[in-house]
Amino acid sequence: MRKIFSVMGMVLLTILKVLLRIIIGAFRLCLEMVKIFLMLFSIIARIFLSFVRVATV
C-alpha cells in the first residue's frame with residue numbers, strides 16, 4: 001500500500017513539474033513579445049521625435 005502511494009506521489013509531482021514548465025514557458029513567451037513591442041515602439045517614437053525636432057528648428 002505504501003509503495004502505491006509513493007508511486008502516485010511521484011506521478012503527481014512529475015505532472016505538476018511539467019505543467020509548471022509549460023506555464024513558465026508561456027509566461028516567458030509573453031514577456032518576450034512585450035519586450036519586442038516596446039523596442040519597436042521606442043524606435044518609432046525616436047523617429048517621430050526626430051522629425052518633430054527637425055520641423056520645429
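Bear in mind that the values in this text are calculations on the coordinates, not laboratory data. Predicted model, so just to flag it, every value in this text is computed and none were measured. Backbone-built Cβ (ideal geometry, glycine too); neighbour counts: all protein chains shown.
Counting each DSSP H run of 4 or more residues in the chain as -39500 (n - 2.57), what helix-only mean residue ellipticity at 222 nm follows after dividing by all residues, to the nearest 500 deg cm²/dmol?
On the way: 1 runs with 55 residues, N = 57.
Calculated from helices alone, the mean residue ellipticity at 222 nm is -36500 deg cm²/dmol.
Could I have the simple spin-label model distance between residue 49 and residue 37, label points 7 Å from Cα toward Cβ, reported in nm to one decimal?
Calculated label separation equals 2.1 nm.
Which entry is the computed Rg and Dmax of the Cα atoms in Å for this structure: (i) 10.8, 30; (ii) 24.7, 83; (iii) 11.7, 35?
Only one listed value fits the structure, namely (ii).
Just subtract the alpha-carbon distance of residue 30 and residue 7 from 0.36 nm times their residue separation and send over the number in nm, one decimal.
On the way: separation 23, 0.36 × 23 = 8.28 nm, distance 3.49 nm.
Answer, rounded to one decimal: 4.8 nm.
Tell me the angle of helix 2-56 to the major Cα principal axis of the chain, expressed in degrees between 0 and 90 and rounded to the nearest ten.
Relative to the chain, helix 2-56 is tipped by roughly 0 degrees.
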